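The values are calculated or read from the model by the stated rules, or taken from the named source; none is laboratory data. Treat the numbers as computed from the prediction; the structure is a model and nothing was measured. Here Cβ is always computed from backbone atoms with ideal geometry, including for glycine, and neighbour counts include all displayed protein chains. Note: accessible area is taken over every heavy atom of the protein model, side chains too, but ligands, DNA and RNA are not part of it. Shrake-Rupley method; radii C 1.70, N 1.55, O 1.52, S 1.80 Å.
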Amino acid sequence: MRSFSLKECAISVALAAGLIIGMPSLDSSPMAYAANPSFPDLSVLISGPPIKDPGALLRYALPIDNKAIREVQKPLEDITESLKVAGVRGLDSVERNVKQASRSLKQGKSLIISGLAESKKDHGVELLDKLEIGMEELQQIVEGRNRDAVAPKQKELLKYVGDVEEDMVDSFPYEVPEEYRSMPLLKGRAAVDMKVKVKDNPNLEECVFHIVLDGYNAPVTAGNFVDLVQRHFYDGMEIQRAKMPRILNLLVFAAADGFVVQTGDPEGPAEGFIDPSTEKTRTIPLEIMVDGEKAPVYGSTLEELGLYKAQTKLPFNAFGTMAMAREEFENNSASSQVFWLLKESELTPSNANILDGRYAVFGYVTENEDFLADLKVGDVIESIQVVSGLENLVNPSYKIAG
């Protein structure tokens, strides 16, 4: 562990306060979509409390501009908040959500279909048919006052919605800057399963975390990670939360212990992945997608660019937000160390914390994320395996053994 200067320690105190207390809320930038008199602007559709659900964050982060499908999605997402209301009032609210979503689907179905990529249209139409049937079933569940059946059905319907939205993406929507085009790039999305062996916990021996990686908004960062996964770089590596996270200095970690789970620091003096072809540490640039922009910004924090009111497409909202660790004063020093955020967004509100726009988010844990809080130093990552989307990795540097 390297030593820390007084200057760094002073900065760490300020960072710790910012992480725990948060900064004043900033106004959101309007989202750039073409006007359509039939539908409100998307910034209105997703306004309200910070979105904390990882699935919802991923759905809203897709590079699409179809307001009709968002009109269906929004009330289905709102069911989560409706279910927080006890008793009959909560189910009445759910019923209103379902009716609104069903009405939007009927009114906007032709616009949704017109937004599907030609090569994926048949699949998208099939999903829409399933969505229609599913919403009728959800309406019956609500009318029968079967509260326990609402959330599982909501999850199923939102899966259909998300898949329809993915069928609207025809190809990777922009060019990565030339200086990074030869790096491993994830041009789309991929999913990995991370199997962790948990020590000294009678209630949990092992857990599999399902993680969705978003190459649409972080192709270099996500591509680097998938490439390392294919090299089995993380297999057998311990959780290293007690080691000083490179994203935070010593006093921050002391003040906010339990704020992150971190791994990726290999044994030996190197703090990142040593590329065998160069015998040097492979690093990647800081990569941040700003909401409303067509491509990420590279190498600079949003604060350095003066974008104080900008929202990130992949915010640090969800429990289990996954991001790259790096040296505090070196934006382009990330290599292999990754971390998962463990705090709810009340403590790190959207667009009002010191992490958004400063560190590169590239995915979210979407299954078993709550168990991240049970991980401790010394627990072992038995394996990380790509379970979907490997075909979206271009320029892979890994070599297949055998």
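Evaluated on the stretch 76-125, the Kirkwood hydrodynamic radius is 12.5 Å, with distances taken between all distinct Cα atoms. Normalised radius of gyration (Cα atoms, divided by 2.2 N^0.38 Å) for the stretch 178-394: 0.95.
For the residue pairs Lys74/Lys130; Lys84/Lys197; Lys121/Lys343; Lys120/Lys195; Lys84/Lys121; Lys294/Lys376, the alpha carbons lie more than 29 Å apart in Lys84/Lys197; Lys121/Lys343; Lys120/Lys195; Lys84/Lys121; Lys294/Lys376. For the stretch 54-168, the relative contact order is 34 percent, taking Cα pairs closer than 8 Å that sit 6 or more residues apart in sequence and dividing their mean separation by the residue count. Does the stretch 54-168 classify as rounded, prolate or oblate by the C-alpha gyration tensor (a ≥ b ≥ c root eigenvalues; a/c under 1.5 gives rounded; else a/b over b/c gives prolate, otherwise oblate)? Because a/c hits 1.5 or more and a/b exceeds b/c, the stretch 54-168 counts as prolate.
Dipole check for the stretch 178-394: with +1 at the C-beta of Lys and Arg, -1 at the C-beta of Asp and Glu, and the Cα centre as origin, the magnitude is about 320 Debye. Normalised by residue number, the volume inside the convex hull of the Cα atoms of the stretch 156-239 is 116 Å³ per residue. Remark: spin-label model distance Asp92-Glu206 equals 5.0 nm, labels positioned 7 Å along the Cα→Cβ axis.
Of the accessible area of the stretch 54-168, computed with a 1.4 Å probe over protein heavy atoms only, carbon and sulfur atoms account for 48 percent. Overall, the stretch 54-168 carries a charge dipole of about 400 debye about its Cα centre when +1 sits on the Cβ of Lys and Arg and -1 on the Cβ of Asp and Glu, all other atoms neutral. Asp65 contributes about 100 Å² of solvent-accessible surface, heavy atoms of the protein only, 1.4 Å probe.
Atom-type composition of the exposed protein surface of the stretch 178-394 places 47 percent of the accessible area on carbon and sulfur (1.4 angstrom probe). For Leu305 and Glu132, the FRET efficiency from 1/(1 + (r/R0)^6), where r spans their Cβ atoms and R0 equals 35 Å, is about 0.20.
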